[in-house]
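The values are calculated or read from the model by the stated rules, or taken from the named source; none is laboratory data. Not measured: the values here are computed from a predicted model. Every residue, glycine among them, receives a Cβ derived from its backbone with ideal geometry; neighbour counts consider all protein chains shown.
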Amino acid sequence: MKPAAALTIITLFLSSTFTILCALIVLSAAAVSVEAGLTGFDVAGSKVVLRFTVAVSNGGFLEIKSFAVRMRAYRWDGLQLAEGEGRLQPIRCGARETLNLTLTLDSKDLVGAPLTQLITVRYEVAVDYAGLINVAAAGNSTIAVGGAGS
Amino acid sequence: MRAAINIASRVLRGLLCAMPVLIVYQAIPSLIPWAYEAASLAGLDVGSVAAAFAALIFVSVAAGGTPIGYAASAARSILILYLAASPDAISLTLQGVEIEVDAAPLLMIAAASALADLARTMLNAVERYALKEEGEGGAR
């Protein structure tokens, strides 16, 4: 066999493998959804416990090997108040898993918060999708505390 | 007449090979609506990368067997290698959420395929031009 012919076969094999895998991932990932939100809060003494729920639905045909979330709460001046993290693994095809996270704040830290100021929650999500793709997402969400402690 | 048919055939073959790239680029937002929102591939705009790929595929197929065709084929492989070698291959920002996609296993397959294709293109070009000239020289 000529080297050029061998290289053609290798190229065809690799490029078709790549195309098929990409198509599988795109079609499968389109059926994955993540819903997250603040579900409530408790006040116990000087502690304020914020409860978050993260729900992951894997409607695709590839398994989510791991789903990790880390949340950090920051005060209006940038001081970190609390941190929480959770992990789901694995999330099989067709499954819906929920993760409950809590962030415990000390109301003393919120004294002096202006009425218009907010707590910022920074979240970082890491997803290992079928061992083929790692997705890292990070963003901020704000929670109004309405001048707590003032 | 024959030359015109040959050119038309090459153009049609080029379009046939380049169109899937554009079709996939157009179809992805219907599956993932936010797919291209502030997205970039190795710091490049996704639309520009798709257009460049489609153009290079068109030229490499339509002008196959000519120096321009070999150059377009090599450029396509080099573009794939550049995208695969870039550390932040796929990144996008969606409503304030920064998303980084690390597809190392997939990109390694793409890079291996591009390398093999580049080697094949070079080998074909050398066989076609350098060895041919050498043969002609020997004949003289």
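Overview of results
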{"quantity": "Residues (within 30 Å of A:I25 (Cα to Cα) and out of contact with any strand residue (DSSP E or B) (no Cβ under 8 Å at 6 or more places or on another chain)) located in the stretch A:38-85", "calculated": "A:F61"}
{"quantity": "Qualifying residue in the stretch B:42-60 (condition: under 20 Å from B:E127 (Cβ atoms) and at pLDDT 90 or above)", "calculated": "yes"}
{"quantity": "Tally, over the stretch A:86-116, of residues that are within 28 Å of A:A31 (Cα to Cα) and part of a loop (DSSP other than H, G, I, E, B)", "calculated": "6"}
{"quantity": "Sole residue being away from chain B (no Cβ under 14 Å) and at negative phi, chosen from A:A5, A:A30, A:A73, A:A23", "calculated": "A:A73"}
{"quantity": "Filter result (touching a residue at least 12 places away in the same chain (Cβ under 8 Å) and either out of contact with any helix residue (DSSP H, G or I) (no Cβ under 8 Å at 6 or more places or on another chain) or more than 14 Å from every other protein chain (Cβ to nearest Cβ) (or both)) within the stretch B:27-43", "calculated": "B:W34, B:E37, B:A38, B:S40, B:A42, B:G43"}
{"quantity": "Selection count where residues are loosely packed, with under 14 Cβ neighbours inside 10 Å and not in a loop (DSSP other than H, G, I, E, B), scope the stretch A:66-82", "calculated": "1"}
{"quantity": "Failed item in (1) surrounded by fewer than 12 Cβ atoms within 10 Å (Cβ to Cβ); (2) at negative phi; (3) in contact (Cβ under 8 Å) with a residue 24 or more places away in the chain, with A:E63 passing the rest", "calculated": "(1)"}
{"quantity": "Condition met for A:L14 (crowded, with 17+ Cβ neighbours inside 10 Å, modelled with pLDDT of 90 or more and within 30 Å of B:E127 (Cα to Cα))", "calculated": "yes"}
{"quantity": "Given (1) farther than 22 Å from A:I133 by Cα; (2) touching a Gly at 6+ places or on another chain (Cβ under 7 Å), index of the condition A:G78 fails", "calculated": "(2)"}
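The rows are residues; the columns are (1) out of contact with any strand residue (DSSP E or B) (no Cβ under 6 Å at 6 or more places or on another chain); (2) surrounded by 13 or more Cβ atoms within 10 Å (Cβ to Cβ); (3) within 21 Å of A:I25 (Cβ to Cβ); (4) away from chain A (no Cβ under 13 Å).
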position: B:V11; (1), (2), (3), (4): yes, yes, no, yes
position: B:C17; (1), (2), (3), (4): yes, yes, no, no
position: B:V21; (1), (2), (3), (4): yes, yes, yes, no
position: B:G69; (1), (2), (3), (4): yes, yes, no, yes
position: B:V97; (1), (2), (3), (4): no, yes, yes, no
position: B:P105; (1), (2), (3), (4): yes, yes, yes, no
